[in-house]
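A.B. asks: Structure in structure tokens, see below.
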Amino acid sequence: MLPLALSNGDVILIVFFIALPIAALAFAGAGAVYKEIGKGAFAMDHEMHPARGGAGEQVSQQVQEAEIRQMLEAKAFRQAQRGEQALDVEAEMTKLMSPKVEVRADPALVEEVRQLVVARNQRRLRSGKEPLDVEVEIARQLRDLEGLGQ
């Protein structure tokens, strides 16, 4: 019997031709896996539904006010420590908690945006979502539109 002697080149070619079909099958089978990236139970591809009930919203408003007050008091304390004039916490709270609705735009544009917001609110109500505050949403959309022409 003749001894079987393979050169390095022969071994490389044999390994290559064995690994090639295995790699091709793995590559072909992996195509569907990449389509699933970003999907599933933990994906953020849906809108968060707010908790129903009025008490939760009232509590969160109170928590928000308490946190804002705490930050303003800390800022006033730091200013007093540095020898600066301390911040008026109550005046700053009133300014921060007041709704910011400034509409300085063409009245026809404001009316058109109002109609769009009202229509959006009607769609939200039909789908079971909470309606948006019309005046605040008008102001937000007009602010968004200001930067479009630049």
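A.B. asks: For region 65-87, how many residues meet the condition of being of a type outside the set (S, T, N, Q) and more than 14 Å from Met97 (Cα to Cα)?
C.D. replies: Result for region 65-87: 12.
A.B. asks: Being surrounded by 10 or more Cβ atoms within 10 Å (Cβ to Cβ) and either in contact with a strand residue (DSSP E or B) (Cβ under 8 Å, 6 or more places away or on another chain) or not charged (D, E, K, R) (or both) is the filter here, so list the residues in region 123-132 that pass it.
C.D. replies: Of everything in region 123-132, those that are surrounded by 10 or more Cβ atoms within 10 Å (Cβ to Cβ) and either in contact with a strand residue (DSSP E or B) (Cβ under 8 Å, 6 or more places away or on another chain) or not charged (D, E, K, R) (or both) turn out to be Leu125, Pro131, Leu132.
A.B. asks: So, one more: Quick one: is Glu84 under 23 Å from Gln61 (Cβ atoms) and exposed (fewer than 13 other Cβ atoms within 10 Å of the Cβ)?
C.D. replies: Taking the combined requirement at face value, the residue does not satisfy it.
A.B. asks: Looking at (1) at pLDDT below 90; (2) at negative phi, which one does Gly40 not meet, given that it meets all the others?
C.D. replies: The one condition Gly40 does not meet is (2).
A.B. asks: Select from region 77-103 the residues that are modelled with pLDDT under 80 and among the charged types (D, E, K, R) and write down the one among them that is nearest to the chain's Cα centre (by Cα).
C.D. replies: Once the filter is applied, the top-ranked residue is Lys100.
A.B. asks: Let me ask something additional. Can you tell which of Ala139, Ala105 is part of a loop (DSSP other than H, G, I, E, B) and touching a residue at least 12 places away in the same chain (Cβ under 8 Å)?
C.D. replies: It is Ala105.
The values are calculated or read from the model by the stated rules, or taken from the named source; none is laboratory data. Remember, it's a predicted structure, so these values are computed and weren't measured experimentally. Quick reminder, even Gly has a Cβ in these numbers, built from the backbone with ideal geometry, and neighbours come from all protein chains shown.
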